[in-house]
1. Once the other residues with Cβ under 13 Å from the Cβ of Ala107 are scored (Lys, Arg +1; Asp, Glu -1), what is the net sum?
2. Which FRET efficiency, nearest 0.05, do Trp135 and Met177 yield, Cβ-Cβ r, R0 41 Å?
3. Output wanted: per-residue J couplings in Hz (rounded whole) for segment 161-174, from phi through Karplus 6.51 cos²θ - 1.76 cosθ + 1.60, θ = phi - 60°, x for Gly and Pro.
4. Taking 7 Å along the Cα-to-C-beta vector as the label spot, tell me the Arg46-Ala106 distance in nanometres, rounded to one decimal.
5. Using a basic spin-label model with each label point 7 Å from the Cα along Cα→Cβ, how many nm lie between Ser143 and Thr83?
6. Go through 166-172, 132-138, 110-116 and give me the packing order, highest mean Cβ count within 10 Å leading.
7. Separation between the Asn157 and Gln95 pseudo-spin-labels, each 7 Å from Cα along Cα→Cβ, expressed in nm?
Amino acid sequence: MVTDLATLTQSADPATTEPPTITIALAVLGSSVVAGLISVILGNTRANATARRERYAQAVRTLVAWAEYPYRIRRRTSDDAVTLTALADRGHTLQEQLAESRAWIAAESRAMSEVFDACLDEINPLVGPACAIAWQQPPIAKSAEMLLGDFGPRGINAIVARMECAIIYRFGLRRLMWRGWVLHRLRRRACLPDTSPTTVE
């Protein structure tokens, strides 16, 4: 009987008696590949979120800079060619940055595009006339004149705050929300006027 068992063991198919170490090695290799893929995906997701956060931060900075532009004009200390050229270049640069931000946001999120456009629609009518008034005023000659009193756009902080409020919907789980729902939430939080379009994708 002992001889029979030994013979059967020796003649067994090697494929059916595969050492457990091979199975373990394959399992470890498979888990390493999966872990690597997950790590790459998470890394890319974080990198994309970081880049997106910076682009939205830049858009907000540009909105604020555009609203502050009339103050820069009004507080100029000279009307010489260098000063005027620098201020004019500043205005052109801000307009280019606004256009760039508007195009990027439109491609990134239609809902956020509506918010950004609404903010610009409110800021532009305030900035334009303020710039015209500022250019007509003489340069600042002494420090006391830096106190401008009631000059300049008003309500800018509230407009920018609406943009900042809306940006949170482009990160985390909120990013997965359906556009129509996002627009509804933004209107409820006063980030968008009730008269904005309600069509969905």
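Computed from the coordinates by the stated procedures, all read-outs in this text should not be read as laboratory data. Note that the coordinates shown come from a computational prediction; the quantities given were computed from them, not determined experimentally. Counting neighbours? That spans all protein chains shown, and the Cβs are built from the backbone with ideal geometry, glycine included.
1. On the way: positive: Arg52, Arg55, Arg102, Arg110, Arg170; negative: Glu100, Glu108.
For residues surrounding Ala107, the net value is +3.
2. Efficiency for this residue pair is about 0.40.
3. Once θ is set to phi - 60°, the couplings for segment 161-174 become 4, 5, 5, 5, 5, 6, 4, 4, 7, 9, 9, x, 5, 4 Hz.
4. 3.5
5. Roughly 1.8 nm, to one decimal.
6. In decreasing order of mean packing, 166-172, 132-138, 110-116 become 110-116, 166-172, 132-138.
7. Roughly 3.0 nm, to one decimal.
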